[in-house]
Amino acid sequence: MKMIPSFSVDHTRIVPGIFESRVDMIGEETITTFDIRLKKPNAEPAVAPAAMHTMEHVIATYLRNDPEWKDQLIYWGPMGCLTGFYIIVKGRPEPAEMYPIMLKSFEHMRDFEGEVPGTSPENCGNCLMHDLPMAKWEADRFVEYLTTADKEAIFEYPKTSKLTLEDGQEFFDS
């Protein structure tokens, strides 16, 4: 089997940020997947599963209620490696255009109070696996990073060459 593009990015060089992961066409519609990377892979501890689960619930609810983005959002969910999230949206916004909504989403997570949405046994397949204090801590770290980091570095995967697959999908390999 061929390597998929998301596994072809050099994870030893990725820093936290907001990166275009892939662009796909579904019929006439363009959809863009973004890598919202909270952690430097293999260099710092991943987000704890319970905190990641809580961030998924709170931020997904926030995004699906945001007046500007709710109709653009296709998917928000965690990466299996627990170093970040994927967000899939309609259209082809640039990573820098995703910055304001991602910053607002993580600020909302950082400041969230109350019951985590969708955590009853009827609404969640693992309703006991949530950690709001840790989710807020992780969100605070990411907000701090986003507001102080070099904006050039947080919007583009580290790369040295661009590769194009047979189907036209582009990805970067070092």
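Among the residues of the range 54-80, how many are surrounded by 18 or more Cβ atoms within 10 Å (Cβ to Cβ) and either within 20 Å of Glu29 (Cβ to Cβ) or among the polar types (S, T, N, Q) (or both)?
Number satisfying all stated conditions: 4.
Run down Pro133, Pro158 and say which single residue is over 16 Å from the mean Cα position of the chain (by Cα) and under 22 Å from Arg37 (Cβ atoms).
One residue alone meets the criteria, Pro158.
Closer than 27 Å to Lys151 by Cα, of a type in the set (D, E, K, R) and surrounded by fewer than 19 Cβ atoms within 10 Å (Cβ to Cβ), is that true of Lys39?
no
Being outside any loop (DSSP other than H, G, I, E, B) and in contact with a strand residue (DSSP E or B) (Cβ under 7 Å, 6 or more places away or on another chain) is the filter here, so list the residues in the range 44-76 that pass it.
Passing the criteria: Met52, Glu56, Ile59, Ala60, Leu63, Arg64, Leu73, Ile74, Tyr75, Trp76.
Determine the pairs where a residue that is of a type in the set (D, E, K, R), located within the range 71-88, has a partner that is surrounded by fewer than 16 Cβ atoms within 10 Å (Cβ to Cβ) and part of a strand (DSSP E or B) with Cβ atoms under 8 Å apart, the partner being 6 or more residues away or on another chain.
Asp71/Lys90
No lab work stands behind these numbers, since they all come straight from the coordinates. Given the structure is predicted, the values throughout are model-derived calculations rather than measurements. Note: ideal-geometry Cβ built from the backbone for every residue, glycine included; neighbour counts use all protein chains shown.
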